[in-house]
């Protein structure tokens, strides 16, 4: 069981949404206290912190990434591992073997957050579904102890970006991971992007069910219902594509500068809907999208999908100095490009929106040469970001000196170093 670590007390409590462009002063988001209950390997954990970067050092399997994953659930989405809610619930090894289909425990992640203008409590977790004994449960969200309408509210309070070792394959695997990466960059500027994505995906699922049921039964499609669902897809889908394009236009100048030894990058989003937006006004793109959906109902009914929309777009990245696609770069260069993009996004957010997001960097120092490690730590320090970094070797983080707070992680127990 993780034991509490006593740190600097949290004071000056207040509530309210995190500030944005209205205040040009940079607000540095920091977790001041985190509490876990039955999350992954942690039965309970209480950890107090200050605003400095956080270094979690310990052997593989000790629980370092689990703690970063818990923090990642404090923003909209499925966390840095994209896990199902039931999969992150703690289970004893013997219990998992004996009762593999047992109902998962309820779990909770709670934090006290200082966003530079206010200190507030935020939390989420898996709660039993009322009236459904043995059901899968549902995700709950609370802000200062009060229930929130949905997880989308989390994005209005907290911004976070992350990098994991698995993301090093981002440029060579299927486009879905690249879209999620791009959308995460958009979230940090535009919290409403999460609700647009949810709305589009819900309408798309309902349309696919409607069309496939009609195709299977041989009945005519309910045209009025199909029109309504497609109108929702058009409205949300064009807004999603426009938000992605707007972010890239703002981010590319920062990415083109590079950061120290990290390579400069150029980003673009490709897809039919994106082409329509580049060729004319948004209203025209909406009309073309709506017509394309109506024309593809028969084919989409058999395939149970939609062949046009923001879910078909792809993020492309070019290594500017080499003028080659990121997919053709070495593994080390791809990791450096990802770090460069995340740092550029954090820098832009700091300058443009006045907010420095949390950075969750899992095993980020591994396989970086000394020059890049020092440049990474210098940029984190310059930003004033509370970066949560993990590694098996604490000495890799020595350049941070007293500018960071260090913790040892072993067998789901955390102690200050």
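Side notes on the structure shown:
- Each label point was placed 7 Å from the Cα along the Cα-to-Cβ direction; for residue 127 and residue 174 their separation is 3.4 nm.
- Placing dummy labels 7 Å off each Cα toward the beta-carbon, the span from residue 84 to residue 284 is 4.6 nm.
- Modelled FRET efficiency - R0 45 Å, residue 408 with residue 324, Cβ distances, 0.05 increments: 0.65
- Using alpha carbons only, the radius of gyration of region 228-356 set against its Kirkwood radius gives Rg/Rh = 1.07.
- Here the sum of -39500 (n - 2.57) over DSSP H runs of 4 or more residues, divided by the residues of the chain, equals -12500 deg cm²/dmol at 222 nm, to the nearest 500.
- Extension gain (nm, one decimal) between residue 291 and residue 60, 0.36 nm per residue minus Cα-Cα: 77.9 nm
- The chain: angle of helix 331-352 to the longest principal axis, Cα-based, in degrees nearest 10: 90 degrees
- Note on region 211-298: Kirkwood hydrodynamic radius from all Cα pairs is 15.4 Å, rounded to one decimal.
- Share antiparallel - DSSP beta bridges, the chain, percent rounded to 5: 70 percent
- Estimated FRET transfer efficiency (residue 246, residue 314; beta-carbon r; R0 22 Å; 0.05): 0.80
- The percentage of C-alpha pairs in region 147-264 whose separation is greater than 23 Å is 48%.
- Helix 175-189 vs. the chain, principal-axis angle (Cα, 0 to 90°, nearest 10): 70 degrees
- Rounded to the nearest 10 degrees, the angle from helix 282-295 to the longest Cα principal axis of the chain is 60 degrees.
- Mean separation of Cα pairs under 8 Å and 6 or more residues apart, divided by the residue count, gives the chain a relative contact order of 25 percent.
- Compactness relative to 2.2 N^0.38 Å, alpha carbon Rg of region 315-380: 1.19
Where a number appears in this text, it was derived from the coordinates with a stated rule and is not lab data. Bear in mind that the values here come from a model prediction, so they are computed numbers and not experimental data. Here the Cβ is made from the backbone with ideal geometry for all residues, glycine too, and neighbour counts use every protein chain on show.
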